[in-house]
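Colleague: Structure incoming, see below.
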Amino acid sequence: MLQYNLHDFDQWRSTARQLCRRDIAPNQVQLLTRTQTGLFAEVSVDASTDAVANNELKLENSQAEPQAFNVPKAFLSLAEEVGYHRDADRWNLLYRVLWRLTHGEPQLMQLSTDDDIHRLIQMEKAVRRDAHKMKAFVRFREVKHDGCAYFIAWHRPDHLIVRKVAPFFSRRFKAMNWTILTKDESVSWDQRELKYFEGVDRSAAPNADELEELWCTYYANIYNPARIKLKAMKAEMPVRHWSTMPETKIIEQMLQDAPARVLQMLVHSEGYEQSARDFLPDPATPLSLESLASAVKNCRACDLYCHATQAVFGHGPADARIVLVGEQPGDQEDLVGLPFVGPAGEVLSEALMAAGIDRSQLYVTNTVKHFKFERQGKHRLHKRPDAREIRACRPWFEAEWSQLNAHALVCLGATAATALIAPGFRIQKQRGQWTASQFCDHTMATWHPSSILRLPDPVQRQARMQELINDLRQVKLTVG
């Protein structure tokens, strides 16, 4: 079995091209990192000394030469990123995918479910994430030598990304002399060029300097105490990096001070947004759907109450297994005081009946409780609520949900989906798919009945109606 000792992506690219052109299958070769020892020792070749390892892989649309082959640019981009991964088998995996691309599977890159492609994609994401964290978490400490300032940092990356990220630091700290030490490889910048050398232990980097206290003071003043989420902080700033980041020493104290800081921010902030939370029932009284329905009548969290007839609260039994949430009440709902009683409500009732769901057993509500509209003659035309109004009204639904014991949450339309599932939710692509939200493990979004009414083409209306029915049937089958 052939063995090649590789150091980086460029060596793999040259070697892999030659192997492929010689028609050497993946099971006939072993591609090792320089520090690995192979299981076989029949032939061992250093790729840097291979006389035929100086050619480059051909990109798509390049000028063909005898025995040349095309490789998708997407594969080369992916392969270059994967080359920074720590997995010792990365070169063999890349060559296997290259072989498949050039031996009967030219569309392989489009099959994200393929085991090899899926693995490469996950490795690429890990490298990209690790590079982002290195840019964010490296902290330089000043060292004086012969009257000159040098800046040294020690970092512990998950992957072999020093050469990938070093150019970023050379651009960002162009006028500094700095060195970044890692256990695998280190790099220094002398304001002219990058120089790489072997990795070192953590003890080689300084522990403290005059800048540390200044940095802690800066960090303590720029963080937002109202948005502290310790679990998310540890996910984005792994604890293993804390020893090299001076600001982490004050996190415990910041957490203790957070409530007082939040209150201070609210008192002194002219841009403080009022929300429905200020109008919820008195915490001293028992909370129920009835007390919420009574309290919502006095909500002034946004300006919609000024023009609407009344707030329209949810309707249905507290033990409903399914909760439907729309955008906001319409003209008829605003007058009657119940959700989904107008034209859109009629469409919803028809769809529920076709899906075999008893509407009287559902809890139906809206993301926004007041009707937002613009007048056109004698008519009041629906106007979509803005982000501020949706945020202000959200506590009403949160309080509603706390009083329910539902097994499924169904968002009717894009507004409810983006408000309750995720801001980036796309109803066109993700409709009808179960997902887990902060409210319910079985959460789905489907068409709002009013969107069916707005379609001018009767064929399109019928098709969308059928999609709504199918989604509701899926809810019934799942919830029972």
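Colleague: For the range 265-361, what mean projected area does the convex hull of the alpha carbons give, in nm²?
Modeller: Dividing the Cα hull surface by four gives the mean projection, 8.4 nm².
Colleague: Please report the projected area of the range 329-480's Cα convex hull averaged over all directions, in nm².
Modeller: Mean shadow area of the hull around the Cα atoms is 9.3 nm².
Colleague: So how far apart, in nm, are the two label points at GLU467 and VAL200 if each is 7 Å from Cα heading toward Cβ?
Modeller: Each label point is offset 7 Å from its Cα along the Cβ direction, giving 6.1 nm.
Colleague: Also: Give me the number: length gained by fully extending ARG192 to PHE173, i.e. 0.36 nm times residue separation minus the C-alpha to C-alpha distance, one decimal in nm.
Modeller: This chain segment gains 5.7 nm when fully extended.
Colleague: Against the globular-protein guess of 2.2 N^0.38 Å, express the Cα radius of gyration of the range 286-418 as a ratio, rounded to two decimals.
Modeller: 1.01
Colleague: Please tell me the relative contact order of the range 403-447 in percent, rounded to the nearest whole number, where contacts are Cα pairs under 8 Å and at least six residues apart.
Modeller: Result for the range 403-447 is 46 percent.
Colleague: Just need the relative contact order of the range 90-161 here, percent rounded to a whole number, with Cα pairs under 8 Å and 6+ apart.
Modeller: RCO, the range 90-161: 20 percent.
Colleague: Please compute the contact order of the range 416-480 in relative form: average sequence separation of alpha-carbon pairs under 8 Å and at least six residues apart, divided by the residue count, as a percent.
Modeller: After rounding, I find 21 percent.
Colleague: Here is a further query. If you look at just the Cα atoms of the range 76-126, how large are its Rg and its Dmax in Å?
Modeller: In order Rg, Dmax, the Cα atoms of the range 76-126 give 10.2, 29 Å.
Colleague: Please list the non-local residues whose amide H lies under 5 Å from the amide H of ARG86, H modeled 1.01 Å from N, same-chain partners needing a gap of 5 or more.
Modeller: LEU160
Colleague: Taking the simple approach of a point 7 Å from Cα along Cα-to-Cβ for both ARG96 and GLN460, what is their distance in nm?
Modeller: Calculated label separation equals 4.7 nm.
Colleague: What shape does the range 328-367 have by the C-alpha gyration tensor, where a ≥ b ≥ c are the square roots of the eigenvalues, rounded means a/c under 1.5, and otherwise prolate means a/b greater than b/c and oblate the rest?
Modeller: prolate
Colleague: Follow-up. Provide the FRET efficiency to the nearest 0.05 for the ASP23-THR113 pair, computing r from the beta carbons and using R0 = 22 Å.
Modeller: The calculated FRET efficiency here is 0.20.
Colleague: For the range 404-464, evaluate the Debye formula with one uniform point scatterer on each Cα (no solvent term) and list log10 I(q)/I(0) at q = 0.23, 0.25 Å⁻¹, rounded to two decimals.
Modeller: -0.89, -0.99
Colleague: Given a Förster distance of 56 angstrom, what is the FRET efficiency for ASP184 paired with GLN361, based on the Cβ-Cβ distance and rounded to 0.05?
Modeller: 0.35
Colleague: Go through THR113, THR15 and list them by solvent-accessible area, largest first, probe radius 1.4 Å.
Modeller: Listed by decreasing accessible area, they come as THR113, THR15.
Colleague: Run the paramagnetic zone check for THR33: 7 angstrom along Cα to Cβ, then residues of the range 138-175 with backbone nitrogen under 19 Å.
Modeller: Only 155-166 fall inside the zone, counting backbone N under 19 Å.
Colleague: Also: Hey, any idea what % of the range 343-388's accessible area is carbon plus sulfur with a 1.4 Å probe?
Modeller: Here carbon and sulfur together make up 51 percent of the probe-accessible area.
Colleague: Rounded to the nearest 0.05, what FRET efficiency is calculated for LYS125 and SER402 with R0 set to 35 Å and r the Cβ-Cβ distance?
Modeller: 0.45
Colleague: Simple spin-label model, 7 Å along Cα-to-Cβ: LYS73 to THR285 in nm?
Modeller: Modelled inter-label distance: 6.6 nm.
Colleague: Given the Cα-Cα distance of HIS7 and ALA436 and 0.36 nm per residue of separation, how much length would full extension add, in nm?
Modeller: This chain segment gains 150.1 nm when fully extended.
Colleague: I would also like to ask the following. Run the numbers for LEU477 and LYS383: contour at 0.36 nm per residue of separation, minus the present Cα-Cα distance, in nm.
Modeller: Roughly 30.4 nm would be gained on extension.
Colleague: For the range 348-387, how big is the tail of P(r) above 14 Å, as a whole percent of Cα pairs?
Modeller: 63
The values are calculated or read from the model by the stated rules, or taken from the named source; none is laboratory data. Remember, predicted model here, so these are calculated numbers, not experimental data. Ideal geometry is used to build each Cβ from the backbone, glycine not excepted, and the neighbour counts take in all protein chains shown. Please note that ligands, DNA and RNA were not included when accessible areas were found on the heavy atoms of the full protein model with its side chains. Shrake-Rupley method; radii C 1.70, N 1.55, O 1.52, S 1.80 Å.
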